[in-house]
Each structure stands twice: as structure tokens, then as C-alpha cells.
Amino acid sequence: MSVSQETSASGAQRLGGFIASYSVVITFLAICLFFAVASPTFLTGANLYNVLVNNVVMLAIVALGLTIVISSGGIDLSVGVSVDMASMVFVMLLAAGYGGVFGVTVGLLAAVAVGVLNAILITRLKISPFLATLGVLFIGQSTQQLATSGGQPIYLITGYAGDQFNAIARTSLFGVPTPVLVLIACIVVVYLLLHRSVFGRAVQAMGAQPGVAWYSGLAVPRQQSLVYIGCALLCGITGILLSATVKSYVPLSGNAFLLDAIGATFIGTTLSAERRPTVIGTLLGVLLLAVVKNGLLLIGWNFYWQQVGIGVLVFLVLAVSFGLRRARQ
Amino acid sequence: MTATTMRAAGTAAQGEKQPRVQNTGKRLGAVAVRLGAIATFALILIYFALFAPGFLSSFNLINVVEQSAILGVLAFGMAVVIIGGGSNVTEGGIDLSIAANMGLCAAVFATVLQAGYPDAVALLAAIACGVAVGALNAIAVVGLGILPLLASLAVMNIAAGAELTLTQNTVVGAASPLLAFLVSGSFLGISALAWCLILFSAIMLVFIHKTTFGLRLYAVGGHPEAARAAGINVPLHVGFTYLFSGFCAAIASVLAVSRLSASTPGSGEMLLSVLAAALLGTVFSRRLVPTIGGTLLSVLFIGFLANGFQLLNVSSYWVNGVQGALILLVVAVTSFARGPEASR
């Protein structure tokens, strides 16, 4: 939008534009206010801590991974597989008596392997990201079923493994829980990579104008590979945090993140004028989903109604943002 | 039975009128892909026929067609959405809510029957519900300009939540003359459910490949700007595809209720298979767009794959993985034949 148009725009139009850009922020604040009034427990420290650790951290890390992928113009349906693979390998190694550091490292490598597979399929075999990662999702589900004789969970509540889990999920530094520190580290790294680095500009260019990126001499396949491997690594971190938090590995549990993470990332795109994913937008999307889930629970809606509530809310946020922008054009 | 479907697919491919591609090499490549995909399909069937006991018995073949009916109807709905919206995966047409919508329609259908209403009322209620969910998608995509991937994701949550609220996550039993007919009725030795798939496919073939509307739908999906310039009402056509996929979800829900004599939770899990079937179907077409014949072939392929593994006593845990690997194989071969510039 040029400057002359900006000045000639009427007040109502400008208000519409403001609402279109910040509908997520406005909704988020309004919802926080609503729950703060409706439920006495919502604004307590214990509840907010619970939301942060249980609803935000893991989803946010997966969503950050998807933010990179979606920025590059791709999609990764196999995020759940990366989460599960890291969790499975980590828990199985601990169950076999290996050390925590070794387990975490190999677990993360297992997630990276999923990313490498995606990268090979997409850059070498030229399969579209949607289909490639859909195929990997199917293969990942089979792998887990075969490895756990049909989906038997592995519980390691006490003893040596339990201590290892506690060292990850139940410790804190300067009063900040370790998982939250991990999230903050992930946010900083992804923000710098995506919005402040040459790699990030290449990724954005690939997403906005793939043809131009190619003709400008960007090493598209290499950047693409890094994108999918980076996403898988982030999902792997979530997998480790997940198994450490629930002290177990439950097959096929990572898939629960997929749709929420896609939703959060795309809700976040409403923040930018070009509808591009951003780290800040994604985090807002994650917070919005987490707060709504928690708030509806607090005011006594059962699980079934929560799902309807979240669907309607996401729909309305999208409708306002896309609808107002369309009306302005 | 297989012969009929093969023939049906053949007519679908022939029925596709399109301008000649100049590049002979590329055309040959596309032909190779199509033949390759069909050959892979045939080889796997031959393998099952030779080594899986009872695979070729007419009972088994009809059984597979019967089992594929639900997936088939849903995949047709998805294929129509992809045809009308374009096959760009993040911005093109897609309906993620179709499986959840089927679950909701099944719940509505079973609940209305349990309340003592006749079949016709229940059927109308299910169709109204499916089309209403489709209308929500259509309004979001056409009216508000929300990305289909995103809009249908939100609608999926709404539909799944509504189903859970309606059924309280329980099995709602249902029995009626219509359901009894669908389960046990048969004509020419082919069961009613199998007939449903055959008839629905035939209607879809004519509708998508033999009518002006179908041709316009391809135009809208292929190049919306050009379609608009040619005077086609693009929003109308795109909106229709979502209403239609809602309708397909309702039809599939009736078939699903008849198979299990109840509406059961968890139908959302079908989404990935539906996507796989609709997208895999594109490799059977010359221009690599979804076609009815191609979709039907891939639906049956997925059905035969699961069935063959069962007969070979291979653990069902393998089925997903092999299905995934096959999708990757077929699509990899396709994109190689498409040439380097189309791979982006």
C-alpha cells in the first residue's frame, strides 16, 4: 500500500486494516480478559504456569518448525513422526539402560533421520512436500506399530529412567523450568535464523517467489533440505520433552500436534500484511489455542464442546482477518 | 468386476479432451508414468492372485469393492474439490473436513433413526448436515477468501466437536429398512454396497468428464484467471465443489452406518486415506490432474492392498507403511517424467 493511498484512506478503512492485521492480538486479549472475569483460577500463577508448561511449550516448538517449513512454501505433515521417533528411541534406550545424554542425542538423531528422509524425497526425487511428508507419515505410523507390537506404550515411571526424565522436565534454572528455557532457546534460534540471517532470506524468497529464487541462483535444494531437517530436529526436541514430561512413550501420540501447529502457524500469518508466517505470529497462535483450551476447561466446558469452541474461534479469527482484508482490496 | 473398473478408468482417460502437448518427449514421459502406475497396480494384483489364497474368488473381489465404497465416495468428493480449486497443495483446493463431516453426518443419521423417524427423514437430515458443513467451507473459501487448507481445518474441528457433542463419544446403534437393504441386498450377485460404489462412479464419470460443468470445473482449477476471462463464474464453481464434498460426506456416512449398523467415533482417521486416494489418483491421468477413473483406481488399489496383505497373513501394521511407500514411489516416478521445470 503506497503512502498516498494510506493518507487518503478514511478512518473506517484504517480501522478495518488495523483490525485485519491485529485480529489475533485483539482476540487473544479479549479472551484473556473474558476468562479472567469468568474464572477465578485463570489468572493465578499456578494456572498460568500449567498452561505454559503443559499447553504451550511442546506445541510451540513444533509450530516453530512448521513456521520455517511453511515460510519456505512447503508443508510437513510428518511432524508427528519426528516427535514420536525421538520419543520412541529415547525411551527405548533408557529402558535398555543407556545414559540420558546418549538417549537424548540418539533420539534427536532419529528425528533428524525423518527430516533427512523428507529432504531426500523432496529435493532429490522431486516429490511435492505435501505428498512426500504424507508418505513419510504413513511409513512412520507403520514403523511405530511394528516396533511396539501394535502400539504398546512404554512406561518408565520410577527408578533410573524416572530420574533421567525428572532431570529434563522437573528441573529449573533461576526459577524457570527447563522446558521453558528450551522453548526460549528455540524461539531465539529460529527467530535469528528466519528473520535475521541469509538463510532466512533465502527461505522467505523460496516461499514467496520460488521461480525467482531459483533463477536468482539460490541453492534451493540445499536450503530446502535444511528446512525439513531443522523442522524435524525441533520436533525431536518436543519428542524428548514429551516423553520426559509423561515419563513414557505412547505410540502415535505426536500426531496430535500436527493440526494445532498448522493452525497456530496460519493464524500467525494474519499478523503480516503479506500473510507470511512469522515467529511472533506463530507464538501468538500457539498462545491463543493454549489459553482457549485451558480457559474452556476452567469454566467447565467438557472436552467435546472445547473442540467446537476452538474450531469456531479459529474460524472467526480467520474470517475477520481475511474478510476485512478482502473488503479493503 | 476388475474388468469393469478397468474399462471405466479407460473411458475416463479417453474422455479427457485436451490440447496436444507440443513436446513429444514429455508426452511420452507422461504416457510412461500412466502405464507405469497401471503396471505397478497390475503387478501387485497378479502377485496377490498367485500367492494369496482366495484373492481371486468373486466373493473376495466383491468384498473389496464393498469395503472401498466409503473411501471411494469420500475420495470423489475430495477429487472434485482438488479439480475445482487447483492442485497447489497449500493454496489450492482441499477439504480437510470431509472425514470429520462424514462422522458428523453418520451421527446425525443414526440419531434421527434412533429417535424413530423413517429412513427418508434421516437421509435428508444427513444430507442437509453434510451440505451445511460444505456450505460453511464454501462461505469461508469463496466469500471470505480464507485459504482452503486453513478454512477446512477449522471446519474439521467444528464438525468433529459437534459429532462428539451429539454422540458423547459413544456408538449410536441404528437399524432401518434402508440399512438392512444396503447390508444384505444384492443384484446380479453383487451386493448393494458394491453397487453404490459402481453407480456413484458411473454418475461421477459422466458428471465430471462428459458435461460442460465438469469441463468448466477443470478450467477453474487449472487457471482461474483464464477461466474468469472466458466468462466462467469462478466463485460459483469453487463454492459448488465444497457443497459437493459435503454431499459426498453425507452419502459416505450412510454407507458407513450401514456397514457397522451404527455410527462410531473416530471417522476422522479416514482423512489421510482419502487424501492419499485422491492425490494418488492424479498419476493415472495424462495431465496429472485428479480424474474420476484415476481416483477409483487408486481407491480400489488401496482396498486390494489391505485385503491382499490380510490374505497373505502379513501383519496389518505393514499396510500403512507400504501404502505410504507406494505413494512415494508412484509420485516420484511421476515427477521425474514431468520434467525438471514442473517439479517446482
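The values are calculated or read from the model by the stated rules, or taken from the named source; none is laboratory data. Please read all numbers here as calculations on a predicted model, not as lab measurements. Positions of Cβ are generated from backbone atoms using ideal geometry, with glycine treated the same way; all protein chains shown enter the neighbour counts. Note: areas computed on protein heavy atoms with side chains; ligands, DNA, RNA excluded. Shrake-Rupley method; radii C 1.70, N 1.55, O 1.52, S 1.80 Å.
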Taking A:TRP305 as meeting all but one of (1) open to solvent by less than 40 Å² (accessible area, probe 1.4 Å); (2) within 8 Å of chain B (Cβ to nearest Cβ), write down the number of the exception. (1)
Sole exception among (1) in contact (Cβ under 8 Å) with a residue 12 or more places away in the chain; (2) of a type in the set (Gly, Ala, Ser); (3) under 18 Å from B:ARG287 (Cβ atoms) for B:ALA227, by number: (1)
Apart from one, (1) small (Gly, Ala, Ser); (2) assigned to a helix (DSSP H, G or I); (3) within 14 Å of another protein chain (Cβ to nearest Cβ) all hold for B:GLY93; the odd one out is (2)
Collect the residues in the range B:54-67 that are out of contact with any Phe, Trp or Tyr (no Cβ under 7 Å at 6 or more places or on another chain) and open to solvent by less than 90 Å² (accessible area, probe 1.4 Å), keeping them in residue-number order. B:GLY54, B:SER57, B:SER58, B:ASN60, B:LEU61, B:ILE62, B:ASN63, B:VAL65, B:GLU66, B:GLN67
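Would you confirm, using the coordinates I've provided, whether B:ALA202 is farther than 25 Å from B:LEU113 by Cα and assigned to a helix (DSSP H, G or I)?
Yes.
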Restricting the range B:119-140 to residues that are open to solvent by less than 10 Å² (accessible area, probe 1.4 Å) and within 14 Å of chain A (Cβ to nearest Cβ), which is nearest to B:LEU179 (Cα to Cα)? B:ASN137
Just to check your reading of the model, which residue among B:GLY116, B:GLY143 is within 17 Å of B:LEU243 (Cβ to Cβ), open to solvent by 30 Å² or more (accessible area, probe 1.4 Å) and of a type in the set (Gly, Ala, Ser)? B:GLY143
It is to be established whether one or more residues within the range B:149-166 are within 14 Å of chain A (Cβ to nearest Cβ), open to solvent by 30 Å² or more (accessible area, probe 1.4 Å), touching a strand residue (DSSP E or B) at 6+ places or on another chain (Cβ under 9 Å) and among the aliphatic types (A, V, I, L, M). yes
Residues located in the range A:215-230, provided they are modelled with pLDDT of 80 or more and buried (at least 17 other Cβ atoms within 10 Å of the Cβ): A:VAL220, A:GLN223, A:GLN224, A:SER225, A:LEU226, A:VAL227, A:TYR228, A:ILE229, A:GLY230
Taking only the range B:259-298 into account, find how many residues are open to solvent by 30 Å² or more (accessible area, probe 1.4 Å) and among the aliphatic types (A, V, I, L, M). 4
So, A:VAL212, is that one open to solvent by 60 Å² or more (accessible area, probe 1.4 Å), within 14 Å of chain B (Cβ to nearest Cβ) and assigned to a helix (DSSP H, G or I) or not? yes
Go through the residues of the range B:96-107 one by one and say whether even a single one is of a type in the set (Gly, Ala, Ser), crowded, with 24+ Cβ neighbours inside 10 Å, more than 14 Å from chain A (Cβ to nearest Cβ) and in contact with a strand residue (DSSP E or B) (Cβ under 9 Å, 6 or more places away or on another chain). yes
Would you call A:SER172 at pLDDT below 85, open to solvent by 30 Å² or more (accessible area, probe 1.4 Å) and within 14 Å of chain B (Cβ to nearest Cβ)? no
Quick check: is even one residue across the range A:58-80 in contact (Cβ under 8 Å) with a residue 24 or more places away in the chain, more than 30 Å from B:SER273 (Cα to Cα), open to solvent by less than 50 Å² (accessible area, probe 1.4 Å) and away from chain B (no Cβ under 14 Å)? no
Report yes if some residue within the range A:292-299 is touching a Leu at 6+ places or on another chain (Cβ under 9 Å) and within 13 Å of chain B (Cβ to nearest Cβ); otherwise report no. yes
In the range A:131-160, the residues that are outside any loop (DSSP other than H, G, I, E, B) and open to solvent by 10 Å² or more (accessible area, probe 1.4 Å): A:LEU131, A:ILE139, A:GLN141, A:THR143, A:GLN145, A:LEU146, A:ALA147, A:ILE154, A:TYR155, A:GLY159, A:TYR160
Can A:ALA202 be described as part of a helix (DSSP H, G or I), under 23 Å from A:THR269 (Cβ atoms), open to solvent by less than 20 Å² (accessible area, probe 1.4 Å) and at pLDDT below 80? no
Checked B:ALA180, B:ALA79, B:ALA175 against criteria (away from chain A (no Cβ under 14 Å) and outside any helix (DSSP H, G or I)); the one match is B:ALA175
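On the given criteria, is B:THR40 in a helix (DSSP H, G or I), at pLDDT below 85 and surrounded by fewer than 16 Cβ atoms within 10 Å (Cβ to Cβ)? Full working, then the answer.
Details: in a helix (DSSP H, G or I): yes; at pLDDT below 85: yes; surrounded by fewer than 16 Cβ atoms within 10 Å (Cβ to Cβ): no.
It is false that B:THR40 is in a helix (DSSP H, G or I), at pLDDT below 85 and surrounded by fewer than 16 Cβ atoms within 10 Å (Cβ to Cβ).
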Looking across the range A:268-305 at residues that are part of a helix (DSSP H, G or I), of a type outside the set (A, V, I, L, M, F, W, C) and touching a residue at least 12 places away in the same chain (Cβ under 8 Å), the single one that is nearest to A:PRO40 (Cα to Cα) is A:GLY295
In the range B:267-294, anything among the polar types (S, T, N, Q) and closer than 17 Å to B:GLY221 by Cα is listed as B:THR282, B:SER285, B:THR291
Does the range B:281-288 contain at least one residue that is in a helix (DSSP H, G or I) and more than 16 Å from the chain's Cα centre (by Cα)? no
Which listed residue is facing chain B (nearest Cβ under 10 Å), free of Cβ contacts under 8 Å to residues at least 60 places away in the same chain and of a type in the set (A, V, I, L, M), from A:LEU93, A:LEU137, A:LEU125: A:LEU125
